[in-house]
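Below: one structure, written as structure tokens.
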Amino acid sequence: MCRHPPRTQAAVGPRGHNGWVSQHWVLHVDMDQFLVAVELLRHPELVGRPVVVGGRGDPTERAVVSTASYEARERGVHSGLALKLAWRRCPDAVFLPVDFPVYEAASARVMATLRATPGAVVEVLGWDEAFVGIETDDPVVTATAIRAAVLDATGLHCSVGIGDTLVRAKIATDFGKPQGTFQLTRDNWMEVMGERPTTALWGVGAKIGARLQAIGIRTVADLAAADEDALVTSFGPSSGGHLVRLGRGGGRTRPDDTPWVARAHGRETTYQSDLTTADEVRAALSELAQRVVDDCRKEDRAVQRVHLKVRFAPFFTFTKVRKLPEPTWDVDVVTQTAYALFLALDDQRPVRLLGVRGEMVPPDGGY
DNA sequence: TCTGGGGTCCTAGGACCC
DNA sequence: TCTGGGGTCCTAGGACCC
């Protein structure tokens with residue numbers, strides 16, 4: 001992968017010597033090979049070896065790679081790859097099971113460190129990344145300080161993207177990895193991104209990229225110059241406007257630290273051997289529904305819609321949704337609703353994956 | 001060759017009411 | 001017999017992210 005632009009002067013921010021006025025910057029902090037890095041803290045003997053974290057750590061099972069170490073990535077192993085394939089590509093890799101509580105604890109220490117930065121507004125994006133909004137006269141110095149603070153507090157390395165918008169900061173991080181910093185602003189956006197395909201943008205995947213290409217928009221520069229009305233016609237009022245802004249690197253400039261409120265909780269499981277009978281399916285749905293209801297109950301918010309996700313062998317996924325007559329915590333109601341959706345599919349093939357998701361009543365949405 | 005599990009947001013279109 | 005718009009609610013499904 002040759003995604004790194006040359007580290008020109010644009011890669012280094014204005015130095016904070018005399019005369020620079022403090023201004024607001026967005027920093028995107030992203031942990032390097034997070035799950036693997038956490039594992040290496042407790043297994044230092046594995047440093048330098050190809051390490052793969054995924055599933056239950058058994059590469060003969062149906063599961064995928066959550067995170068691969070840089071050594072494993074050099075051998076073609078990446079997140080999302082089936083563990084069996086990872087094993088084939090890299091038979092001498094060490095396979096470790098996913099250990100959620102440990103990563104959650106590490107994540108909490110990272111986020112606490114970011115929040116402890118004076119003046120920082122922290123918007124958490126996931127386990128291993130966050131935006132930090134901050135006033136500084138030298139964002140590179142600030143980024144370096146944050147990387148050192150995170151390393152000191154957790155023993156973990158991260159990379160930092162610096163930008164004048166969230167989108168630019170987020171995209172900048174990739175150019176800084178690993179253990180580095182990169183700056184992307186309105187001044188170097190087109191120079192760095194203009195000739196890249198639209199899929200290099202955050203939020204443009206293969207499908208949107210193909211649809212853009214079909215209307216003559218191939219690169220980020222093409223998108224930035226595109227006619228907004230044409231995009232609105234093709235993608236709708238919200239997405240059309242969003243895409244043009246994205247092409248220009250625009251959008252939000254301030255992280256939002258409002259605490260995150262879940263809309264839904266879901267559980268899904270890929271079964272090691274396919275489910276073939278109605279009883280097996282009903283029993284599995286019952287177990288998933290129980291866990292979903294437990295999660296919703298913890299927040300004291302009832303389930304108002306039930307989603308069923310089914311993957312039949314070999315690879316064909318359905319999702320169905322049904323609103324309940326009234327919000328509930330009754331596991332039987334959730335189970336029966338999911339099962340009714342399953343029966344409505346009227347498909348006799350073996351089931352490989354089942355998922356149940358409960359959409360919850362909004363916290364202020366009383367009923 | 002085999003495809004996780006946790007989420008979010010958006011659009012389209014039908015049903016229904018005024 | 002043919003026909004408005006506007007609004008809301010609902011389901012289906014697509015797409016994307018980590």
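Mind listing whichever residues of the stretch A:150-167 are open to solvent by less than 40 Å² (accessible area, probe 1.4 Å) and free of Cβ contacts under 8 Å to residues at least 60 places away in the same chain?
A:Thr154
Across the stretch A:343-357, what is the number of residues that are modelled with pLDDT of 90 or more and within 13 Å of DNA strand C (Cβ to nearest atom)?
2
I need the full set of residues from the stretch A:229-250 which are open to solvent by 80 Å² or more (accessible area, probe 1.4 Å) and touching a Lys or Arg at 6+ places or on another chain (Cβ under 9 Å), in order please.
Kept after step one, since they are open to solvent by 80 Å² or more (accessible area, probe 1.4 Å), are these residues of the stretch A:229-250: A:229, A:233, A:237-238, A:242, A:245, A:248.
The one that is open to solvent by 80 Å² or more (accessible area, probe 1.4 Å) and touching a Lys or Arg at 6+ places or on another chain (Cβ under 9 Å): A:Arg248.
Among the residues of the stretch A:30-67, what is the count of those that are among the basic types (Lys, Arg) and closer than 30 Å to A:Leu166 by Cα? Explain how you work it out, then say what you get.
Our first condition is that a residue be among the basic types (Lys, Arg); within the stretch A:30-67, this holds for A:42, A:49, A:56, A:62.
In the following step, the residues that additionally are closer than 30 Å to A:Leu166 by Cα were identified as none.
Qualifying residue count, the stretch A:30-67: 0.
Restrict the check to the stretch A:88-105 and report whether at least one residue is within 11 Å of A:Val29 (Cβ to Cβ), within 21 Å of the chain's Cα centre (by Cα) and buried (at least 19 other Cβ atoms within 10 Å of the Cβ). Quick ask: steps written out before the conclusion?
So the first thing to find is which residues in the stretch A:88-105 are within 11 Å of A:Val29 (Cβ to Cβ), and the list is none.
No, the stretch A:88-105 contains no residue that is within 11 Å of A:Val29 (Cβ to Cβ), within 21 Å of the chain's Cα centre (by Cα) and buried (at least 19 other Cβ atoms within 10 Å of the Cβ).
Need the failing condition index for A:Val261 against (1) within 30 Å of A:Ala112 (Cα to Cα); (2) open to solvent by less than 40 Å² (accessible area, probe 1.4 Å), just the number.
So A:Val261 meets the others, but not (2).
Would you be able to tell me the number of residues in the stretch A:180-207 that are surrounded by 18 or more Cβ atoms within 10 Å (Cβ to Cβ) and within 16 Å of DNA strand B (Cβ to nearest atom)?
Looking only at that region, the number is 2.
Determine whether A:Val77 is within 14 Å of DNA strand B (Cβ to nearest atom), without any contact (Cβ under 8 Å) to a residue 60 or more places away in the chain and in a strand (DSSP E or B). Please lay out each step first, then the result.
Values: within 14 Å of DNA strand B (Cβ to nearest atom): yes; without any contact (Cβ under 8 Å) to a residue 60 or more places away in the chain: yes; in a strand (DSSP E or B): no.
The answer is no for A:Val77.
For the stretch A:212-225, what are the residues that are open to solvent by 50 Å² or more (accessible area, probe 1.4 Å), in a loop (DSSP other than H, G, I, E, B) and within 16 Å of DNA strand C (Cβ to nearest atom)? Reasoning before the result, please.
First, pick out the residues of the stretch A:212-225 that are open to solvent by 50 Å² or more (accessible area, probe 1.4 Å): A:213-216, A:218, A:222, A:225.
From what's left, in a loop (DSSP other than H, G, I, E, B): A:215-216, A:218, A:225.
The answer is A:Ile215, A:Arg218.
Consider A:Val51 carefully, then state whether it is aliphatic (A, V, I, L, M), away from DNA strand C (no atom under 16 Å from the Cβ) and modelled with pLDDT of 95 or more.
On the way: aliphatic (A, V, I, L, M): yes; away from DNA strand C (no atom under 16 Å from the Cβ): yes; modelled with pLDDT of 95 or more: yes.
Taking the combined requirement at face value, the residue satisfies it.
Quick check on the stretch A:168-179: of everything there that is more than 18 Å from A:Val220 (Cα to Cα) and touching a residue at least 60 places away in the same chain (Cβ under 8 Å), which residue is most open to solvent (accessible area, probe 1.4 Å)? Break it down stepwise before answering.
To start, the set of residues in the stretch A:168-179 that are more than 18 Å from A:Val220 (Cα to Cα) comprises A:176-179.
Still in the list and also touching a residue at least 60 places away in the same chain (Cβ under 8 Å): A:177-179.
On the way: A:Lys177: 44, A:Pro178: 71, A:Gln179: 98 Å².
My answer is A:Gln179.
Could you run through the stretch A:52-74 and say how many residues are of a type outside the set (Gly, Ala, Ser), open to solvent by less than 20 Å² (accessible area, probe 1.4 Å) and touching a residue at least 40 places away in the same chain (Cβ under 8 Å)?
Adding up the residues that qualify gives 2.
Return the residue satisfying two criteria in turn: it lies in the stretch A:264-284 and is within 16 Å of DNA strand C (Cβ to nearest atom) and open to solvent by less than 60 Å² (accessible area, probe 1.4 Å), and of such residues it is farthest from A:Pro363 (Cα to Cα). I'd like the intermediate steps shown before the answer.
Quick first cut of the stretch A:264-284, residues within 16 Å of DNA strand C (Cβ to nearest atom) only: A:264-268, A:270.
Next cut, open to solvent by less than 60 Å² (accessible area, probe 1.4 Å) only: A:264-266, A:270.
On the way: A:Ala264: 12, A:His265: 14, A:Gly266: 18, A:Thr270: 31 Å.
Of everything passing the filter in the stretch A:264-284, A:Thr270 is farthest from A:Pro363 (Cα to Cα).
The values are calculated or read from the model by the stated rules, or taken from the named source; none is laboratory data. Just so we're clear, the structure is a prediction, and the values are computed from it rather than from any experiment. With ideal geometry, Cβ positions are generated from the backbone for all residues, glycine too; neighbour counts draw on all protein chains shown. Areas reflect the complete protein model, heavy atoms only, side chains present, ligands, DNA and RNA absent. Shrake-Rupley method; radii C 1.70, N 1.55, O 1.52, S 1.80 Å.
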